[in-house]
Amino acid sequence: MTEIHDLNMTDAKYAALIAKGYDPIIEQQLITLGQNPSDARDMACDRLLQAISAKVRTRRNRMKEMTIETLEEKLRQAMLNSDVLALDELIADDLVFTTHTGLVMNKQADLEAHRSGIQKLTKIDSSDRQIQYYTDCAVVTVKMELAGTYNEQALDGTYRYTRVWAKLQERWQVVVGHLSQVISL
């Protein structure tokens, strides 16, 4: 959703400022930080300030990307080692996870499968990871070569996971997951 701000100026004035490189988002951010509104408008026309703002946004996105990639690796290790404490931190309390058979599981069922040994993974090799970023969430798709057992049945094959990570109370957790088996056609 686009947020609309009353910029308190005519269309002609707005067009003139845009021609100078005016960025209303930077103006609003400066005012939020306590800058005098008149000075904030002048500064919002400053190309150097815009370049700095763009670099900050880029750095923030890179940090988010590194965070999700790091968390994905922690999750992979926790699954491989059935580390219930780590899984408990990484998975949201209201997790909804759909298995490749269509079974819908919650967090407690997932943790219990690891705790009890019902699920024991011996291999998790990831490839073809893609991450889409949004404000407070990220969607990850990743191909996994899995081996192990589930309910004493051999598990061996290629699967694709889709996970939604959400930032909840200043930490990232998996809120939704889906697993599909990759079948060669």
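The values are calculated or read from the model by the stated rules, or taken from the named source; none is laboratory data. Please read these numbers as outputs of a predicted model, since none were measured by experiment. Here the Cβ positions follow ideal geometry from the backbone for every residue, glycine too, while neighbour counts run over all protein chains shown.
For the reader, a short list of remarks on this structure follows.
- Criterion violated by Asp136 - all others in (1) free of Cβ contacts under 8 Å to residues at least 24 places away in the same chain; (2) of a type in the set (Asp, Glu); (3) surrounded by fewer than 17 Cβ atoms within 10 Å (Cβ to Cβ) satisfied: (1)
- Filter result for Gln108 (surrounded by fewer than 14 Cβ atoms within 10 Å (Cβ to Cβ) and not in a strand (DSSP E or B)): yes
Yes/no matrix, rows are residues, columns are (1) within 19 Å of the chain's Cα centre (by Cα); (2) farther than 17 Å from Leu179 by Cα; (3) modelled with pLDDT under 95; (4) among the aliphatic types (A, V, I, L, M):
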position	(1), (2), (3), (4)
Thr99	no, no, yes, no
Asn106	no, no, no, no
Leu111	no, no, no, yes
Ile118	no, yes, yes, yes
Thr135	yes, yes, yes, no
Thr149	no, no, yes, no
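- Selected residue [within 30 Å of Thr162 (Cβ to Cβ), modelled with pLDDT of 90 or more and exposed (fewer than 14 other Cβ atoms within 10 Å of the Cβ)] from Glu65, Glu73: Glu73
- Residues that are of a type in the set (D, E, K, R) and either surrounded by fewer than 12 Cβ atoms within 10 Å (Cβ to Cβ) or touching a Cys at 6+ places or on another chain (Cβ under 7 Å) (or both), drawn from segment 152-166: Glu152, Asp156
- If you check Leu49, Leu30, Leu17, Leu7 for being surrounded by 12 or more Cβ atoms within 10 Å (Cβ to Cβ) and modelled with pLDDT under 65, only one passes: Leu49.
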